[in-house]
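Shown next, in structure tokens, is the structure this report addresses.
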Amino acid sequence: MPLGFFSFFQKKYQFKASDPNATVSEQPQEVETGSQPFHGAHDFAMNNPTFIDKYQIIESINDGNTVLERLAKEMIEGAEMDSSVRHPPPKCYPGTRTELTSNILTWVAGPDRNWNMLWIHGPAGVGKSAVAQTIAEHCEQNGRLGAAFFFSRLNRRDEPSRVFITIAFQIAVRNPAYKQIIAEQLAADPSILKKAIQIQFRKLIVEPFSILAAKDPAMFQHPLVIIIDGLDECNGEEAQCEIIDLINEAVRSSPLLPLLWVLCSRPECHLQAIFSRADFEIHCWREEMRIDSTDGRRDVARYIRDNLKDIRNKYQVEPAAKTIGRRWPSKRRTKSLIKAADGLFVIASIAIRFIGDSDYANPATRLDAFLKIIKTSQVVGMRNPMEYLDMLYGRILADVPKDVLPITMKLLGFGILFRTFFANVQALANLMELNQSSVYGALRKLHSVLKIPPPEHAGRAFLEFYHASFADYLQNPARSGKYCIDEREVACSVAKGCLRFVAKEIELRRTEYEYTEYHPDPWQVKQEKAFHLRFLGDNSHLTWKEDFPISSIQTSLWVPCQIHLLEACIRTGDLEDKNLFQKIRSFDFSGLAHTTIKRSFIEMRTFEVFIKWLHTSVRRKYFVNFVRTKGASSIDDKILQACSEKLENAAPYDLSPTFLDQLQPAPYPMKGHRDRSAKRFLLLGYGSKTALVILYSSFGKDRFLTLTPQEALTSEQIKGRLFPDSKQFIDASDPD
């Protein structure tokens, strides 16, 4: 047998020979023709071979990862039914929503069904997610669940381009046959996961299940269920409608596809329109969850009665039992609370949290306070349950001490407006110059509306709103009044924090750079000293250092602060904050060359809008000649002269009002660029803290480069300044 054939076969089919005395029969054997690897082969022997199924080979994608690993890299984490991020998930209280869940489970189990898609819709807080979770758990127990995806706008589980990848991952985990098909698809075209959503849907959903249905027609009698909850929280109305269109087209054109779809959403106008249009009818079963339905009211009443009983039993062994008694609450108060909830589960659940809040440990007083709010709202004729909810939110915030309230509102504002900037509560605290006790003191009264991680998890978790309606309330001045969050004020606080941390980053990186480049010690010693300077040196700028390594804390802040510094300034809008302006004026822009900003993490469009922001009428008097294109000092002349080669063919940046006025802020985070071929430059900052900024186009993208006065110093000058007593140096430019 030729050695070349053996090597090829060993690579392709991955067999092992562990016993040199064991052989395969040397006599020719009859095999099926076609794709068999030994078809037509003869006169060779193999020692104890182990054959790997072809799907196991295909499952190893080009980069060495399995299909599950490839899907996991692109999926949205936390959207699954059993994700720890959602624990404990909302689900139907025992004995509630029985009719609806029973009808849905009958539809899933019954072979003679009229629809393959179900749309459950209802107002915020009515319990749609609880129903979706309950159905998902039942289907999982019965082996009928394909996938369950739970959108969350606040928690950033809202990217439409990764929805079907996440669904495909969940199905692949549960269904080996499907996983084998997906492995083949990705082996043939690994770029599927980066393609448009309609291509993903066809390649990851329609085609694989068409193949499975062709192999096993009986599969249609037991289709898998795919649940998508919170569709209205998907990013973009067009994307929401596209997802519905894709599913509807699959249901219409492939009625034997072994899939059932359950979609849950609020009855937003654009969703009602697409489900009601006449030109392209959506073929589905529609179930409305009404607040004022008899079943809904009965279920909420049961939930309230049972939970009030649990609270009473809990405090029978507490000192508070002396104030509530065994007959607490009275029938009258219980009925008043049920009437206040008015069939809306979110009100009932928040009221129970409010009454049973262990920080107060006084359920009787808390119940009376809640009923007083409801009574006041009824006096003024407010019948809308969401208005009751607004009053409850206001009451919760009113319990926050006045001296703590500004910190509380900033934390809430950060949690809503800048959630994607900072990864955890501890990073946020350090940005705001708050210690652990200050953070938890400011949030102490908000446990009924916020999921607050304990201190030991604060370095890995962020604040979570139990319901999006609280965030909506805080952002609507007509609803929240004095508790409305001012984006400009929050952005101003973020900008100040970013300036403080980037300044420290510049200081540490510059020191680290200079030590590693010019210190006479060997390389390893230099690296160790640099690490000690960075992570074990002066950490006085950190206000909360406990529980996590200093390196982890600083890393979770440095990069976000550098990336979002200019964006935060821009989002202050027309706010005139002299303290912020002074921090910008004294900021060392020359140090940007030592940060990730030099690596073009900030897009040029953001930088240009920042320049425009500096030139607006509110700030113009504070930043006279702060941005310029001509030398205004000896430092400027020194920089321009030292960087003359880099300025070759570069034109001064246009700072005229006509040009700056046409620069428009982009949606945040800012994306996109404008192609330009010419290089342009400007000087930014005052005195020795000035930086030369060159804006140019490279590889089809706009970029900018910061150069500093350090460019004008020779390595010997720097070494002489750093180590005046040293006699021997290792010159980084010396090849020897």
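Between Rg and the Kirkwood Rh of segment 113-252, both from Cα atoms, what is the Rg to Rh ratio?
0.95
So for segment 56-211, taking the charge dipole from beta-carbon charges (+1 Lys/Arg, -1 Asp/Glu), which of ILE182, GLY143, LEU105 sits furthest toward the positive end?
LEU105
Within the set LYS410/LYS451; LYS73/LYS215; LYS612/LYS638; LYS128/LYS179, which residue pairs have Cα atoms separated by over 21 Å?
The answer is LYS73/LYS215; LYS612/LYS638; LYS128/LYS179.
Note the full-extension length gain between ARG444 and ASN476 as 0.36 nm times their separation in residues minus their Cα-Cα distance, in nm to one decimal.
Full extension from ARG444 to ASN476 adds 9.2 nm.
Over the Cα atoms of segment 197-280, what is the Rg over Rh ratio if Rh follows Kirkwood?
1.00
Using Cα-only point scatterers and the Debye equation, what is log10 of I(q)/I(0) for segment 150-225 at each q in 0.12, 0.22 Å⁻¹, rounded to two decimals?
Log10 of I(q)/I(0), two decimals: -0.36, -1.04.
Based on Cα coordinates alone, diagonalise the gyration tensor for segment 76-115, multiply each eigenvalue by 5, take square roots, and list the semi-axes in whole Å, largest first.
With the √(5λ) rule applied to segment 76-115, the semi-axes are 26, 16, 6 Å.
Step through the residues of segment 67-74 one at a time and calculate ³J(HN,Hα) from phi using the Karplus curve (6.51 cos²θ - 1.76 cosθ + 1.60, θ = phi - 60°), rounding each to whole Hz and writing x for Gly and Pro.
The phi angles translate into 4, 5, 5, 5, 5, 5, 5, 9 Hz.
Given H placed 1.01 Å from N in the peptide plane, which residues other than close sequence neighbours of MET117 have an amide H under 5 Å from its amide H?
Residues meeting the criterion, in which the H sits 1.01 Å from N, are TRP261, TRP285.
Mind running the shape call on segment 138-185? Use the C-alpha gyration tensor, a ≥ b ≥ c as the square roots of the eigenvalues: rounded below 1.5 for a/c, prolate if a/b tops b/c, oblate otherwise.
Oblate, since a/c reaches 1.5 and b/c is not below a/b.
Positive end of the dipole of segment 216-326, charges at C-beta (+1 Lys, Arg; -1 Asp, Glu), about the Cα centre: which of VAL251, HIS270, LEU308 has its Cα farthest in that direction?
LEU308
If packing is taken as the mean number of other Cβ atoms within 10 Å per residue, what is the order of 561-570, 127-136, highest first?
Per-residue Cβ counts within 10 Å, averaged per peptide and sorted highest first, yield 127-136, 561-570.
Can you compute log10 of I(q)/I(0) for segment 110-174 with the Debye formula, treating each Cα as one identical point scatterer, at q = 0.17, 0.20, 0.24, 0.29 Å⁻¹?
One equal scatterer on each Cα of segment 110-174 leads to -0.80, -1.08, -1.32, -1.30.
Taking the Cα of ASP216, stepping 7 Å toward and past its beta carbon, and measuring to each backbone N in segment 171-191: which are under 15 Å?
Residues 171-182 qualify, since their backbone N sits under 15 Å from the label point.
Give the long-range amide H neighbours of TYR466: residues separated by 5 or more places, or on another chain, with amide H under 5 Å away, using H modelled in the peptide plane at 1.01 Å from N.
LEU450, LYS451
Using modelled backbone amide H atoms (1.01 Å from N, in-plane), which distant-in-sequence or interchain residues come within less than 5 Å of LEU145's amide H?
GLU140, VAL225
Could you give the dipole magnitude of segment 162-305 about its Cα centre, charging the beta-carbon of Lys and Arg +1 and that of Asp and Glu -1, in debye to the nearest 20?
Dipole of segment 162-305, to the nearest 20 debye: 520 debye.
Under a Cβ-only charge scheme (Lys and Arg +1, Asp and Glu -1), can you give me the dipole magnitude of segment 89-207 about the Cα centre, in debye to the nearest 20?
320
Defining a contact as two alpha carbons under 8 Å apart and six or more residues distant in sequence, what relative contact order in percent does segment 62-162 show?
Once divided by the residue count of segment 62-162, the mean separation gives 41 percent.
Every number in this text was worked out from the coordinates using simple rules, so none of it is lab data. Source: prediction; values computed, not measured. Every residue, glycine as well, gets a Cβ built from its backbone with ideal geometry; the counts of neighbours run over all protein chains shown.
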